[in-house]
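A.B. asks: One structure is given below, represented as structure tokens, and several questions about it will come after.
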There are 2 protein chains.
Amino acid sequence: LENFDLPVGFFDRLADGAAAAIMPHFRSLSSVDNKAASGFDPVTVADRDAETAMRTLITESYPNHGIIGEEFGSDRPDAEAVWALDPIDGTRAFISGLPVWGTLIGLTHRSIPVLGMMAQHFTGERFAGGNGHAWYTGPGGPSDMATRSCASLADAVLFTTSPFLFHQTEVEAYRAVEQQTKLARYGVDCYAYCMVAAGHADLVIESGLKQHDIAGLIPVVEGAGGVVTDWQGGSAAGGGRIVAAGNRQVHDQALELLAKAPEA
Amino acid sequence: LENFDLPVGFFDRLADGAAAAIMPHFRSLSSVDNKAASGFDPVTVADRDAETAMRTLITESYPNHGIIGEEFGSDRPDAEAVWALDPIDGTRAFISGLPVWGTLIGLTHRSIPVLGMMAQHFTGERFAGGNGHAWYTGPGGPSDMATRSCASLADAVLFTTSPFLFHQTEVEAYRAVEQQTKLARYGVDCYAYCMVAAGHADLVIESGLKQHDIAGLIPVVEGAGGVVTDWQGGSAAGGGRIVAAGNRQVHDQALELLAKAPEA
């Protein structure tokens with residue numbers, strides 16, 4: 001980040017702006033609509049207002065930066081510094097009233113995610129990371145985050161959003177990993193990566209992610225000592241098929257099975 | 001409840017006692033062990049200490065009452081008033097760090113659940129019900145709870161702990177319901193019933209529940225205007241196969257499909 005000095009506090013300003021837009025709509029019935037004509041892809045007024053609030057703050061403070069957002073697309077996506085915003089990651093949890101969604105804020109420098117935050121506004125938790133560190137603020141007070149040790153898949157707690165979201169070319173490889181783990185948990189999106197970063201779980205496997213779904217989480221998991229790649233072991237920064245682990249041993253074991261999945 | 005005058009505040013005392021025993025162990029790695037020799041049935045020191053704390057309070061205040069608990073079995077289960085205690089419902093969420101587990105406290109009078117509470121100690125939420133009312137305390141302040149309207153399964157948000165927990169005789173009937181709903185969410189135990197009571201979701205379907213898994217939740221859902229029965233439409237108070245809905249329309253539609261499941 002040699003070209004600009006970015007205060008970490010700016011992430012909290014963005015999260016505060018998102019919280020102010022989102023929280024009046026959480027557990028409120030009036031604002032759910034359907035983004036897609038077919039199927040169920042919920043998005044709320046909260047989502048759009050929160051992204052607008054964050055884009056405004058970024059544009060005021062960093063007019064040369066690019067922005068990629070879930071709701072309003074890309075501005076200057078080829079800039080040296082680009083923000084990746086997902087105002088409500090886990091919209092299904094959001095519309096069900098569950099406190100496991102979050103606002104994702106990522107900053108990439110020359111396409112590498114360097115700083116990131118997940119903010120859960122109902123619990124008052126923020127999970128952030130970058131530059132080889134990861135830190136937490138929440139009801140238990142602030143703390144540094146570190147992934148936990150886990151000797152093998154047989155000891156691992158695994159998260160995925162849903163076992164039914166994988167493409168047919170991916171299901172077999174995913175199941176091969178799940179069958180070896182101690183426990184698999186469903187229904188969690190960004191919160192899952194934060195549990196790995198904070199040392200409460202070991203593995204997240206997903207597919208079909210967009211850049212804004214993952215860019216803000218990579219620095220959190222990596223800053224806490226974890227590993228995030230795609231299923232071939234390459235960069236996860238662009239999204240796609242993602243495997244995030246608390247340590248390299250578990251990541252290697254999962255990757256060995258996941259790499260067998262053919263391309264869709 | 002003609003034979004005793006029970007202050008609702010006593011539920012809060014029990015929940016406070018459970019919280020004091022549990023919270024030092026939440027997101028702490030040291031206290032997870034395995035209850036069952038085979039398989040994965042986690043239970044923590046927190047679980048046992050919390051049930052002990054609640055049993056002590058009940059025995060001091062209501063020495064003639066019975067107690068049924070997850071950890072320490074039954075005392076006077078045939079008493080007129082019996083408490084059903086599950087200190088940590090959702091142990092898998094608990095050991096994964098997710099804030100969707102809860103302490104369940106139910107009071108049955110002549111085998112009918114009359115008062116109940118679910119307390120989530122990390123978010124500071126309490127969902128309680130009885131006598132035709134249901135009430136909430138939490139970060140957003142106290143409020144009465146009421147289920148929401150939902151015209152049909154096609155509009156319903158459904159919860160179940162896992163689509164893979166059903167017996168082979170049950171899977172087909174469960175899937176028939178799930179396929180008709182708008183959205184199915186996994187990985188949520190007691191918190192799911194509270195989301196139905198609070199009007200954020202419409203339906204919970206589970207099987208294999210124990211009495212202590214459900215007794216504390218029935219008064220919450222029913223007090224908010226919902227319906228809780230087994231898959232044949234009979235009493236849910238003893239556990240087993242459970243269907244809880246925010247209103248009778250959705251409950252009837254689910255029941256019509258679930259009642260086809262053969263006995264195991």
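A.B. asks: Given the structure, is B:P87 in contact with a Ser or Thr (Cβ under 7 Å, 6 or more places away or on another chain), more than 10 Å from chain A (Cβ to nearest Cβ) and under 30 Å from A:D155 (Cβ atoms)?
C.D. replies: The answer is yes for B:P87.
A.B. asks: Go through the stretch A:166-200 and report how many residues are surrounded by fewer than 21 Cβ atoms within 10 Å (Cβ to Cβ), more than 10 Å from chain B (Cβ to nearest Cβ) and in contact with an Asp or Glu (Cβ under 9 Å, 6 or more places away or on another chain).
C.D. replies: Qualifying residue count for the region: 1.
A.B. asks: Something else now. Check B:P63 against each of (1) surrounded by fewer than 23 Cβ atoms within 10 Å (Cβ to Cβ); (2) within 14 Å of chain A (Cβ to nearest Cβ) and name the one condition it does not meet.
C.D. replies: The one condition B:P63 does not meet is (2).
A.B. asks: Is there a residue in the stretch B:168-184 that is more than 30 Å from B:E51 (Cα to Cα) and among the basic types (K, R)?
C.D. replies: The answer is yes; a qualifying residue exists.
A.B. asks: Follow-up. Out of everything in the stretch A:207-264 that is in a strand (DSSP E or B) and of a type in the set (G, A, S), what residue ends up being surrounded by the fewest Cβ atoms within 10 Å (Cβ to Cβ)?
C.D. replies: A:G208
A.B. asks: Now for a different question. Within the stretch B:159-200, can you find the residues that are under 22 Å from B:G225 (Cα atoms) and acidic (D, E)?
C.D. replies: B:D189, the sole residue that qualifies.
A.B. asks: Could you list all residues from the stretch B:176-197 that are at pLDDT 95 or above and within 22 Å of B:K260 (Cα to Cα)? Full working, then the answer.
C.D. replies: Taking the stretch B:176-197 and keeping what is at pLDDT 95 or above, we get B:176-181, B:190-197.
Within the stretch B:176-197, B:A176, B:V177, B:E178, B:Q179, B:Q180, B:T181 meet the criteria.
A.B. asks: Another question, then. If you take the residues of the stretch A:113-132 that are over 15 Å from the mean Cα position of the chain (by Cα) and at pLDDT below 95, which of them is surrounded by the fewest Cβ atoms within 10 Å (Cβ to Cβ)?
C.D. replies: A:G132
A.B. asks: Say whether the condition of being in a loop (DSSP other than H, G, I, E, B), over 16 Å from B:P113 (Cα atoms) and not acidic (D, E) is met by at least one residue in the stretch B:184-195. Show your work before the answer.
C.D. replies: Narrowing the stretch B:184-195 to residues in a loop (DSSP other than H, G, I, E, B): B:187-189.
Imposing the further condition that a residue be over 16 Å from B:P113 (Cα atoms) reduces the set to B:187-189.
Remaining after also requiring not acidic (D, E): B:187-188.
Yes.
A.B. asks: Residues that are within 9 Å of another protein chain (Cβ to nearest Cβ): list the strands (runs of 3 or more DSSP E) wholly contained in the stretch B:118-164 that include at least 2 such residues.
C.D. replies: Of the strands (runs of 3 or more DSSP E) lying wholly inside the stretch B:118-164, those with at least 2 residues that are within 9 Å of another protein chain (Cβ to nearest Cβ) span B:157-160.
A.B. asks: What about B:G73, is it among the small types (G, A, S) and away from every other protein chain (no Cβ under 14 Å)? Break it down into steps so the answer makes sense when it comes.
C.D. replies: On the way: among the small types (G, A, S): yes; away from every other protein chain (no Cβ under 14 Å): yes.
Considered against the rule, which asks whether it is among the small types (G, A, S) and away from every other protein chain (no Cβ under 14 Å), B:G73 comes out as yes.
A.B. asks: Out of all the residues in the stretch A:222-236, is one or more at pLDDT 95 or above, within 14 Å of another protein chain (Cβ to nearest Cβ) and under 23 Å from A:S152 (Cα atoms)?
C.D. replies: As a first pass, look at the stretch A:222-236 and keep what is at pLDDT 95 or above: A:222-236.
Keeping just the survivors that are within 14 Å of another protein chain (Cβ to nearest Cβ) gives A:224.
Right, trim to under 23 Å from A:S152 (Cα atoms) and you get A:224.
Scanning the stretch A:222-236, I find at least one residue that is at pLDDT 95 or above, within 14 Å of another protein chain (Cβ to nearest Cβ) and under 23 Å from A:S152 (Cα atoms), so the answer is yes.
A.B. asks: To continue, here is another question. Being assigned to a strand (DSSP E or B) and either surrounded by 24 or more Cβ atoms within 10 Å (Cβ to Cβ) or of a type in the set (V, I, T) (or both) is the filter here; which residues of the stretch B:95-112 pass it?
C.D. replies: B:G102, B:T103, B:L104, B:I105, B:G106, B:L107, B:T108, B:I112
A.B. asks: For the stretch B:39-96, give me each residue that is touching a His at 6+ places or on another chain (Cβ under 9 Å) and hydroxyl-bearing (S, T, Y).
C.D. replies: B:T44, B:T59, B:S96
A.B. asks: Regarding the stretch A:74-86, can at least one residue be identified that is closer than 29 Å to A:L165 by Cβ, in contact with a helix residue (DSSP H, G or I) (Cβ under 7 Å, 6 or more places away or on another chain) and among the aliphatic types (A, V, I, L, M)?
C.D. replies: Yes, because at least one residue in the stretch A:74-86 is closer than 29 Å to A:L165 by Cβ, in contact with a helix residue (DSSP H, G or I) (Cβ under 7 Å, 6 or more places away or on another chain) and among the aliphatic types (A, V, I, L, M).
A.B. asks: Here is a list: A:T160, A:T147. Which entry is modelled with pLDDT of 95 or more, surrounded by 22 or more Cβ atoms within 10 Å (Cβ to Cβ) and at negative phi?
C.D. replies: A:T147
A.B. asks: Ok, one more. Considering only the stretch A:71-87, how many residues are within 18 Å of the chain's Cα centre (by Cα), part of a loop (DSSP other than H, G, I, E, B) and under 14 Å from A:T108 (Cβ atoms)?
C.D. replies: Counting residues in the stretch A:71-87 that are within 18 Å of the chain's Cα centre (by Cα), part of a loop (DSSP other than H, G, I, E, B) and under 14 Å from A:T108 (Cβ atoms) gives 0.
A.B. asks: Still on this structure, please answer the following. Check A:D252 against each of (1) closer than 21 Å to A:M145 by Cα; (2) more than 14 Å from chain B (Cβ to nearest Cβ); (3) charged (D, E, K, R) and name the one condition it does not meet.
C.D. replies: Condition not satisfied by A:D252: (1).
A.B. asks: Here is a follow-up. Starting from the stretch A:82-101, keep only residues that are on the phi > 0 side of the Ramachandran plot, then list their pairs with residues that are surrounded by 24 or more Cβ atoms within 10 Å (Cβ to Cβ) and of a type in the set (D, E) whose Cβ atoms are within a distance under 6 Å, requiring at least 6 positions of separation or different chains.
C.D. replies: Sorted first by the residue in the stretch A:82-101, then by its partner, the pairs are A:G90/A:D189.
The values are calculated or read from the model by the stated rules, or taken from the named source; none is laboratory data. None of these values were measured; they are calculated from a predicted model. For neighbour counting, all protein chains shown are included, and Cβ atoms are generated from backbone atoms with ideal geometry for every residue, glycine included.
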